[in-house]
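Working notes, structure below.
Nothing in this text is a laboratory measurement; each read-out follows from the coordinates by a stated rule. Given the structure is predicted, the values throughout are model-derived calculations rather than measurements. Here Cβ is always computed from backbone atoms with ideal geometry, including for glycine, and neighbour counts include all displayed protein chains.
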Amino acid sequence: MKKLVFAVVVSFVASAVYAETSVTLYGGADGGITVQKLKGKSATVKFANGSLDTNMFGITGTEDLGSGNSVFFRLEQGYVLSNGKEDDSGDKAFNRQAYLGFTSRLGQVAFGRIGALGSYNGEYSISGSSAYNTSFSALSNIHSAFILTDWINNTIAYLSPNLNGWKLHATYSNGVNEDSEKWSRNKHYYGLGATFEDQAFRLGAYWEMLDNKGSDGFSKPKATNLFTTQASYDFGTFKLFGVYQYALHSMKLPNYTEIEGAHKGANQHALALSVAVPFAGGSARFQTQGALGKLKDTGEKYNSFSLGAAYLYPLSKRTTLYTQAGWGTTGKAFKKYDSGLGGWAATFGLGHNF
């Protein structure tokens, strides 16, 4: 696997230099130290990987076909900085995203492994209206309250051209993991959304559905529906963010926590509020989020709540020094799951993009 990835990188970079194409190698390296204390467990001090930005490298390129048309591709792999291993790749040469696409005056269409609309992953995700989104510990970011989707396979994504500040987004997966079975046995994903952006204001709304077809251990599981709205406004002296989500029949709780034996799943409301303030040449960020939900199979109610603060200082255009601290707690019904969302954590690190 490592030899394959290295050979692909070398061949693409070599061809880019020789042919003077638009192929580009990019990536990031992010490492630090985290001190963490989860409820009921001992405190730990460990090397932190990708706290602010993901440790990964990628290859992207575009060919201009003329008349406003072009073909593009992107291949991206994550890695663990502390030991050099592949990042949960399984059998994938590119575990983050891998797609081929076409651009015209009607918009973009891409095919391959792509981040879902609400995944906070990749170019076709439209989530991201909080001060530090999914960065740092799950104890104090969006993971602690929201139901997030993820990278999905066998996907087609559409992005419209700019329509007076508005863009339309649509994503479909014919098999979130595999599409080798008949249609009724593959797990499908559907996503529709719209975003608006001007100089100071950003707005987004999107719907996602996982039909949970062919799920092992479920008896005719309910389809998961996620409805999310988000907004941010830059006042100049500070930037304010807000995100709300309603989840219907989710088969997972926040932080990708599995609900064992679920049929109807969970319904929940989640809200996040945050602010970013320029300070001492850097950016101070404060974030809070919470969730209230009900396990439909048992009738149990659950909740989670977290707080976090971070400071980011740019040493250059590509290098950032950062520190962050967060605290989270969950209600009684949530505590029977090993969610990792109760306790505190503090991180100090350095991130570099290339």
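Rounded, prolate or oblate, given the Cα gyration tensor of the chain, with a/c below 1.5 counting as rounded?
Numbers: a/c = 1.40, a/b = 1.15, b/c = 1.22.
Judged from the Cα gyration tensor, the chain comes out rounded (a/c under 1.5).
Determine the shape class of segment 293-354: with a ≥ b ≥ c the square roots of the Cα gyration tensor eigenvalues, call it rounded for a/c under 1.5, and otherwise prolate if a/b is greater than b/c, oblate otherwise.
On the way: a/c = 4.05, a/b = 3.10, b/c = 1.31.
Judged from the Cα gyration tensor, segment 293-354 comes out prolate (a/c at least 1.5, a/b above b/c).
Picking from L295, L106, L117, which is most flexible by a Gaussian network model of the chain using Cα springs under 10 Å?
L106
Go through segment 309-321 residue by residue and turn each phi into a ³J(HN,Hα) via Karplus (6.51, -1.76, 1.60, θ = phi - 60°); whole Hz please, and just put x for glycine and proline.
My calculation for segment 309-321 gives 9, 9, 9, 10, 10, x, 6, 7, 5, 10, 10, 10, 9 Hz in order.
By a straight-distance test (C-alpha under 25 Å), which lysines pair with K85 as possible cross-link partners, with residues fewer than eight away in the same chain excluded?
Hits, sequence-local ones excluded: K2, K3, K46.
When the label point is put 7 Å from the Cα of L315 along its Cα-to-beta-carbon vector, which residues of segment 34-63 have a backbone N closer than 16 Å?
48, 50-53
Please report, in Å, the Rg and the Dmax of segment 258-324, where both are computed over Cα atoms only.
18.3, 52
With springs connecting C-alpha atoms under 10 Å apart, model the chain as a Gaussian network and identify which of S51, S137, S160 has the largest mean-square fluctuation.
Fluctuation is largest for S160.
Quick one: which of K37/K92; K264/K301; K41/K335; K92/K317; K41/K332 span more than 23 angstrom between C-alpha atoms? Don't jump to the answer; show the numbers that get you there.
Working: K37/K92 33 Å; K264/K301 14 Å; K41/K335 13 Å; K92/K317 32 Å; K41/K332 17 Å.
Violating the 23 Å Cα-Cα cut-off are K37/K92; K92/K317.
Give the Cα extents of segment 166-210 along the principal axes, in whole Å, largest first.
Projected onto the principal axes, the Cα atoms of segment 166-210 cover 46, 13, 12 Å.
Using amide H atoms built in the peptide plane, which far-off residues or other-chain residues are under 5 Å from F279 H to H?
Under 5 Å from the amide H of F279 lie the amide H atoms of A284, each far enough along the sequence or on another chain.
Using the Kirkwood radius built from alpha carbon pairs, what does the Stokes-Einstein equation give as D for segment 150-238 at 10 °C and 1.306 mPa s, in µm² per second? The partial results should precede the final answer.
Working: Rh = 15.0 Å.
Calculated translational D: 106 µm²/s.
In whole angstrom, how far apart do the alpha carbon centroids of segment 240-285 and segment 20-87 sit?
The distance from the Cα centre of segment 240-285 to that of segment 20-87 comes to 22 Å.
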